[in-house]
Amino acid sequence: MSNKHLIALLLTAGMLSWADSLQAQIHDRIRNAARNRAEDRVVRRVENSVDEAADNLESKKKKEISAAGEANTGTTAASGEKQQESKSPGRVNDKRKFEFVPGNELLYAEDFAGDAIDELPYLWATDLRGVVVEPEGLPGKWLRLSHSGQVIAPLFPSVLPDNFTVEFDLMLDFKADGYVYPDIMFRLLESLQGDKDGRKYESPGGGFRSTISCLDFTLLPGEDAPTGILFQSMLNGVQYFAKDNTRFSPLPTHGSRVVKVSIWVQKQRLRLWMDKEKVYDLQQAVPIGIKLNRMAFQVSTTIQPDEEIGVYVSNFRIATAGADTRSKLISEGKFTTNGILFDTNSDKIKPLSASVLADVAEVLQQHPEVRIRIIGHTDADGTDTHNLTLSKKRALAVKNALSKDYNISPDRMETDGRGAQLPVADNKTPEGKAKNRRVEFVKL
């Protein structure tokens, strides 16, 4: 065999080997591509199945809710007498179902009644904007928060004590469906020395925040889904306690109703209710020695225009935690509370008063020999004659509630009213007026 033939044979063998190798690589790529496409189809099938199941579940849930609504409507119509009875003035039916007890001594109150529309509330600060508005269908004035911004309230008149309650109203009105809604953070904080007006807190990039002490609640609202909430407490910039995402009933997100937020702190113990649903009962969540003296709100950034994101807050009430009713009434012979609340200019008792009434009733049930006088007090709004009459009616409403709902004999209770004659605070401020609107129990 000549050299030329040998070279040609080797070249032919090499080309065949290279062709075989190339063909094998092509086959491998084809197999891999086929396998990937198959996997993609499986993933898509799974995703479609999950989506379909979720759609079916959502549809079923809506039907159940609709059916429940129709059933409730039918029940209400069928029991008209009971419904009429439950709406009678002073009637309280939920008793101990909602165990939150508003504090007795008012420390801070704000309903923006004295603030101008479309302006930031007086003495509040913000790094973006926040304006006072009168939303259609809602009574009173509200602070409308802007997404991507935060607002901070003025300093409280004093540092919050170890035991205190916080209440405020929240309303969400998101104009579009299917979006990722912004997070809403409510914070009780210890303002740093020298930041009386909140300017340092609102300054962008303020490094001092690394040393802040606070209690943080962050709401994660969803569309027709359980709402999430995160909690953490910080002491001098170090995390003291944290609770990851906790789910509770969906928040209404389209302006359908107002949600009542209630917080009760007793030293290290912290409880939180959204409306009457208890979300937290944390035993060691609050740092010992924390000195909370103001509050702030923050709304995270979202893709929607600000006009489509309605976050409204109002009717703040911060007070010392409820006193020991038994000690005050039995040992000291007198118990005064701001926790029995009435509709404006009315003797109709609000349902939130049920726990305070239940505490008083429990003391009277355990001490059947005790008789009491119930005395109503009002603020100075209105005429002296009107306030005197209103205070007497409110005292009588309390007596009727204790008798009808808690089986306390009417013979053990007397009533009286003093109107605005005996103020305990200045009637020129919202805080003072709230302190003066009180009910007094005196042992006879």
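The values are calculated or read from the model by the stated rules, or taken from the named source; none is laboratory data. The shown structure was predicted, so the numbers you read here are calculated from the model rather than taken from an experiment. Cβ atoms come from the backbone with ideal geometry, glycine included; neighbour counts cover every protein chain shown.
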- [ ] Examine region 377-392 for a residue that is outside the structural domain of residue 156 (by TED's automatic domain parsing), within 20 Å of residue 316 (Cα to Cα) and not charged (D, E, K, R), and state whether such a residue exists.
- [x] yes
- [ ] Please tell me if residue 233 is part of a strand (DSSP E or B), of a type outside the set (A, V, I, L, M, F, W, C) and closer than 30 Å to residue 376 by Cα.
- [x] no
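Listed here are the residues, each with its yes/no results for (1) among the acidic types (Asp, Glu); (2) farther than 22 Å from residue 328 by Cβ; (3) in contact with a strand residue (DSSP E or B) (Cβ under 9 Å, 6 or more places away or on another chain).
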position	(1), (2), (3)
392	no, yes, yes
399	no, no, yes
404	no, yes, no
412	no, no, yes
416	yes, no, yes
421	no, yes, yes
428	no, yes, no
436	no, no, yes
440	yes, no, yes
- [ ] Being outside the structural domain of residue 377 (by TED's automatic domain parsing) and either more than 20 Å from residue 258 (Cβ to Cβ) or at pLDDT 90 or above (or both) narrows it down to one of 316, 335, 342, so name that one.
- [x] 316
Open item on the list: Checking the conditions here, which among 257, 294, 271 is charged (D, E, K, R) and crowded, with 20+ Cβ neighbours inside 10 Å?
Closed with: 294
- [ ] Could you tell me whether any residue of region 306-313 is buried (at least 18 other Cβ atoms within 10 Å of the Cβ), over 24 Å from residue 255 (Cβ atoms) and not hydrophobic (A, V, I, L, M, F, W, C)?
- [x] no
Open item on the list: Of everything in region 125-140, what is over 15 Å from residue 311 (Cβ atoms) and surrounded by 17 or more Cβ atoms within 10 Å (Cβ to Cβ)? Give them in sequence order.
Closed with: 125, 127
Open item on the list: Among the numbered criteria (1) at pLDDT 95 or above; (2) buried (at least 16 other Cβ atoms within 10 Å of the Cβ), which one does residue 116 miss?
Closed with: (2)
TODO: Read through the list (1) closer than 23 Å to residue 353 by Cβ; (2) at pLDDT 90 or above; (3) not assigned by TED's automatic domain parsing to the domain that holds residue 401, then give the number of the only condition that residue 276 fails.
DONE: (2)
Task: Candidate set from region 354-409 (those that are over 31 Å from the mean Cα position of the chain (by Cα), hydroxyl-bearing (Ser, Thr, Tyr) and farther than 15 Å from residue 438 by Cα); member that is surrounded by the most Cβ atoms within 10 Å (Cβ to Cβ) - done: 403
Open item on the list: So, in region 222-245, how many residues would count as being out of contact with any Lys or Arg (no Cβ under 9 Å at 6 or more places or on another chain), in contact (Cβ under 8 Å) with a residue 40 or more places away in the chain and not aliphatic (A, V, I, L, M)?
Closed with: 6
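One line per residue, one yes/no per condition, for (1) modelled with pLDDT under 95; (2) in the same structural domain as residue 135 (by TED's automatic domain parsing); (3) in a strand (DSSP E or B):
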{"position": "252", "(1), (2), (3)": "yes, yes, no"}
{"position": "256", "(1), (2), (3)": "yes, yes, no"}
{"position": "287", "(1), (2), (3)": "no, yes, no"}
{"position": "295", "(1), (2), (3)": "no, yes, yes"}
{"position": "307", "(1), (2), (3)": "yes, yes, no"}
Open item on the list: I'm trying to understand the selection: among the residues of region 154-166, which are buried (at least 21 other Cβ atoms within 10 Å of the Cβ) and not in a strand (DSSP E or B)?
Closed with: 160
- [ ] Would you mind stating whether residue 170 is buried (at least 17 other Cβ atoms within 10 Å of the Cβ), part of a strand (DSSP E or B) and not β-branched (Val, Ile, Thr)?
- [x] yes
Open item on the list: For the list (1) surrounded by fewer than 21 Cβ atoms within 10 Å (Cβ to Cβ); (2) within 18 Å of the chain's Cα centre (by Cα); (3) not acidic (Asp, Glu), I need the number of the one condition that residue 285 fails.
Closed with: (1)
